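Below you'll find the structure, written out as structure tokens, and then a few comments.
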Amino acid sequence: MAQRPIVILDTTGPTLDVPQGADTYLCETDLAVTGDISVTGTVDGRDVASDGALAASALQPADVGTAAAEDVGYFATAAQGGLADSALQNVVEDLSPQLGAALDCEGFDINEAGVIFLREPASAEADVAGQGQFWVQTATPNVPMFTDDTGTDFNLLQDVFTTDITTVADQDYVLWYDAPYAGKITMIRSESVSGTCTLTGKVNTTALGGTANSVSSTAEEQSHSTTNTFAKGDKVLYTISSNSTCLNLAATFYITRTA
């Protein structure tokens, strides 16, 4: 099989050789074409008539959004899925990234997060078996909380202290001579094995606002929301009065730290 030039110009006389049989045309210099080129076969083995049209299933410019004008590093990965504009981008370069929905870490850790700011809801979200919730309860000041998967809330600033008196007398009983931190007494719970008395919680010499505990063999809780704060170094105590053969008194103070 021979290759034939498209046109042969003989120096002695121009001639045009027509390819014979399976011969092909050969262009030995640049080829300039005026008008369209239509082919019924392939070009170097490729069907340019089909290849030239972008298949509907192929990646379209609209599929990648603004990433189409960027380096390849801006495209979403196969693992991320979705469009590049909606996929999680390189947050190291984004100084204020925002999420449009909850972030599911699939059980993976969050490492070296630094400070995490939490907005304050009034209550925890719905319980999820096998999971717990750290959250900040709306209050002034707000309160750090933990809720277990049974819906039990725990105030992370709350301490509980219990004193036991075997033989009770009408006198003062000191919980702290020198409070290790500032806080407020939110509730006192009392119960005895037998007998009765009156229990009055105090900070230094001032009684807590609210009702004193009427101690008996039935447990009683009294909440306190006024005149219930103490500073670091204050004396925290309770005074027993009206004792009537009260034995084995348990007095429990519920205290929330404020500083």
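The values are calculated or read from the model by the stated rules, or taken from the named source; none is laboratory data. Everything numeric in this text was worked out from a predicted model, so none of it was measured. Glycine gets a Cβ as well: all are built from the backbone with ideal geometry, and neighbour counts include every protein chain shown.
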Could you tell me whether segment 135-151 includes any residue that is in contact with an Asp or Glu (Cβ under 7 Å, 6 or more places away or on another chain), at pLDDT 95 or above, surrounded by 13 or more Cβ atoms within 10 Å (Cβ to Cβ) and assigned to a loop (DSSP other than H, G, I, E, B)?
-> no
Going by the structure shown, is Asp164 closer than 30 Å to Ser216 by Cα, touching a residue at least 60 places away in the same chain (Cβ under 8 Å), touching a strand residue (DSSP E or B) at 6+ places or on another chain (Cβ under 7 Å) and not in a strand (DSSP E or B)?
-> no
Residue by residue through segment 196-244, note down the ones that are more than 39 Å from the chain's Cα centre (by Cα), closer than 24 Å to Tyr177 by Cβ and not in a strand (DSSP E or B).
-> Asn204, Thr205, Leu208, Gly209, Gly210, Ala212, Asp234, Lys235
Is there any pair linking a residue in segment 223-234 that is at positive phi to one that is not hydroxyl-bearing (Ser, Thr, Tyr), with Cβ under 7 Å and at least six apart or on different chains, and which?
-> Thr227/Leu208; Thr227/Gly209; Gly233/Asp178; Gly233/Ala179
Of the criteria (1) surrounded by fewer than 13 Cβ atoms within 10 Å (Cβ to Cβ); (2) touching a strand residue (DSSP E or B) at 6+ places or on another chain (Cβ under 7 Å), which one Phe108 fails | (2)
Output the qualifying pairs, or none if there are none: Cβ atoms under 9 angstrom, residues six or more apart or on different chains, first residue in segment 33-57 and among the aliphatic types (A, V, I, L, M), second residue assigned to a loop (DSSP other than H, G, I, E, B) and modelled with pLDDT under 75.
-> Leu54/Gln60
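So, of the residues in segment 156-192 that are charged (D, E, K, R) and within 33 Å of the chain's Cα centre (by Cα), which turns out to be surrounded by the fewest Cβ atoms within 10 Å (Cβ to Cβ)?
Per the stated criteria, the residue is Asp159.
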Check on Val203, at pLDDT 95 or above and closer than 28 Å to Thr140 by Cβ = yes
